[in-house]
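The values are calculated or read from the model by the stated rules, or taken from the named source; none is laboratory data. Just so it is clear, the structure is predicted and the values come from calculations on it, not from any experiment. Please note: Cβ atoms are built from the backbone with ideal geometry, for glycine as well, and neighbour counts cover all protein chains shown.
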Amino acid sequence: MILLSRRLLLAVAAAAALTARAADDGTVLLRYRFTAGESLPIRVAHRALTETTMNGVTQSVETMTDSTRTWKVVGVDEKGSATLEHSVDDVTMTSRTSDRGNVRWASGSGEEPPPGYELVPHSLGVPLVRMIVAPDGRVLERQELRPCPPAATGDLAVVPLPEDAVAVGAEWTIPQEVVVEVPNGPRKAVRTRLRYRLESVKDGIATIAVDTTVLTPVDDPRLEARLLERIWDGSVSFDLARGRVVGRRTSIDRRVVGFGGPQSSVRYKASLEERPADR
């Protein structure tokens with residue numbers, strides 16, 4: 001145990017020294033630094049509007065979800081890789097539809113959840129996901145412990161970081177592949193790319209812009225409509241001294257025409273804001 005702690009201290013000291021050297025030439029080394037036993041509570045606000053038009057009739061569904069979720073640092077090894085567990089502590093959900101009006105439910109209200117959310121109370125306050133994350137944000141291992149409620153999406157704690165020290169203006173990309181399908185219809189693997197750009201470094205906070213590009217041609221409006229939620233832009237705030245993300249904002253506003261015939265369209269507009277609960 002003493003040997004492990006000594007190695008960990010040496011690794012932290014080496015990372016700090018490398019960061020200091022990098023700062024001399026105008027670059028910064030972005031690295032996560034977690035401490036075993038700490039908890040990172042995060043406030044999440046998600047807003048979404050879906051407008052669907054069929055044969056000249058438009059229906060809308062608006063949802064608002066506010067939640068607190070926590071990343072607990074179970075352990076940190078000698079290389080600085082952290083084992084994290086994710087849980088959702090509380091959630092307030094509001095939905096508004098053009099034909100049914102408003103529905104609101106808060107986990108602390110003592111009321112029964114509305115249809116479709118019956119399993120949410122059973123997923124609160126318990127570990128949902130366990131992952132091992134390297135100092136550069138690579139997810140070395142991920143395990144789903146139980147089904148996640150709608151409020152549990154997003155991974156603020158593990159935004160990928162560049163391999164080396166970078167200067168303002170530097171970019172790095174992360175390839176992804178998602179499978180989209182239409183019920184009783186076509187199914188297709190689609191390659192996408194997340195592009196990150198270091199926009200600025202001020203008062204110890206690095207601001208990182210991110211956007212999504214679809215690389216695989218998608219010529220079927222039905223599949224394109226299913227992709228809408230995956231194509232987002234935003235920004236991330238990273239605290240250099242603390243070694244963690246301290247905020248994220250993302251947004252989407254896209255429309256697809258012809259997914260259900262020549263007179264059909266769907267618009268998806270959404271925003272997501274995440275910040276530490278102590279801010």
> Does PHE238 qualify as being buried (at least 18 other Cβ atoms within 10 Å of the Cβ) and within 25 Å of LEU49 (Cβ to Cβ)?
Replying inline: no
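Condition check ((1) surrounded by 12 or more Cβ atoms within 10 Å (Cβ to Cβ); (2) closer than 30 Å to PHE259 by Cα; (3) modelled with pLDDT of 95 or more) across all residues:
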{"site": "THR97", "(1), (2), (3)": "yes, yes, no"}
{"site": "ARG100", "(1), (2), (3)": "no, yes, no"}
{"site": "LEU124", "(1), (2), (3)": "yes, no, no"}
{"site": "GLU144", "(1), (2), (3)": "no, no, no"}
{"site": "VAL178", "(1), (2), (3)": "yes, yes, no"}
> Under 9 Å by Cβ, and 6 or more places apart or on different chains, what pairs join a residue from segment 264-279 that is under 13 Å from ARG249 (Cα atoms) with one that is aromatic (Phe, Trp, Tyr)?
Replying inline: ALA270/TRP232; LEU272/TRP232
> ALA189: farther than 28 Å from SER67 by Cβ, in contact with a strand residue (DSSP E or B) (Cβ under 6 Å, 6 or more places away or on another chain) and modelled with pLDDT of 90 or more, yes or no?
Replying inline: yes
> Which one is farthest from LYS202 (Cα to Cα) among residues in segment 236-249 that are out of contact with any Asp or Glu (no Cβ under 7 Å at 6 or more places or on another chain) and without any contact (Cβ under 8 Å) to a residue 40 or more places away in the chain?
Replying inline: ALA241
> Does ILE208 meet the test of being of a type in the set (A, V, I, L, M), touching a Leu at 6+ places or on another chain (Cβ under 7 Å), surrounded by fewer than 19 Cβ atoms within 10 Å (Cβ to Cβ) and part of a strand (DSSP E or B)?
Replying inline: no
>> I need a count of the residues in segment 34-75 that are crowded, with 18+ Cβ neighbours inside 10 Å and assigned to a loop (DSSP other than H, G, I, E, B).
In response: 1
